[in-house]
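Since the structure comes first, as structure tokens, the remarks are kept for the end.
Throughout, read-outs are computed from the coordinates displayed, never taken from laboratory work. As the structure is a prediction and not an experimental result, all values here were calculated from the model. Methodologically, a virtual Cβ is constructed for each residue, glycine included, from the backbone with ideal geometry; neighbour enumeration extends over all protein chains shown.
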Amino acid sequence: MPHRPYVIDPMISAKSIAARVEELAHDITDHFADTEKLVVVGLLRGSFIFIADLVRELRLPVEVDFLEASSYGDSTKSSREVRILKDLRGEIGGCDVLVVEDIVDTGFTLNHVVNLLKSRGPRRLEVCALLDKPSRREVDIRATWTGFEIPDEFVVGYGIDFAQRNRSLPYIGKVRFTS
């Protein structure tokens, strides 16, 4: 539970998110047009709303799987130690894979996950991130597709949480501590 009181200032509207998800799905569909099956790997927990909306817009044969990795816990700062809390159920060797991430911050988590999945021999592996904070990057990694580039703000909503709260907000908002 958060120890300091805070408010959430709206940053990206639900309408803007929905429009961008449609655009991303169109680009991803074009990119993987020749696939027999696209394995969409959602990084839990922050990506679950994004992945649900995204896969409904894809015009491809899709299989969904999840991987849970953590470098935050209940903090607002990355620990830089990435732990895999839940691994994929299915095999991805020889498959087209799309990793769906909520936010790319320092890059440690995404870099770890991409290297782990590449070691399993996918045919192609691409990344789609809802949010990108390039000013925070400490590892040289980029998503193939990005929904929105944002400044160095701690954000919540649309699946992204602060100490397991605020995931259900339909928009992205920045956390502003009031004390």
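Structural remarks
- The condition (being touching a residue at least 12 places away in the same chain (Cβ under 8 Å), under 19 Å from E22 (Cβ atoms) and in a strand (DSSP E or B)) is satisfied by just one residue among A69, A143, A129: A129.
- Only residues that are outside any strand (DSSP E or B) and under 15 Å from K37 (Cα atoms) were counted across segment 88-120, and they come to 6.
- From the list I51, I28, I17, the lone residue that is in contact (Cβ under 8 Å) with a residue 12 or more places away in the chain and touching a Gly at 6+ places or on another chain (Cβ under 6 Å) is I51.
- All positions within segment 10-35 that are outside any helix (DSSP H, G or I) and exposed (fewer than 11 other Cβ atoms within 10 Å of the Cβ): A33, D34
- Of all residues in segment 146-162, those satisfying the criterion of being in a loop (DSSP other than H, G, I, E, B) and of a type outside the set (A, V, I, L, M) are P151, D152, E153, F154, Y158, G159, D161.
- Filtered residues of segment 118-134 (kept if within 17 Å of the chain's Cα centre (by Cα) and either of a type outside the set (D, E) or over 20 Å from G46 (Cα atoms) (or both)): L125, V127, C128, A129, L130, L131, K133, P134
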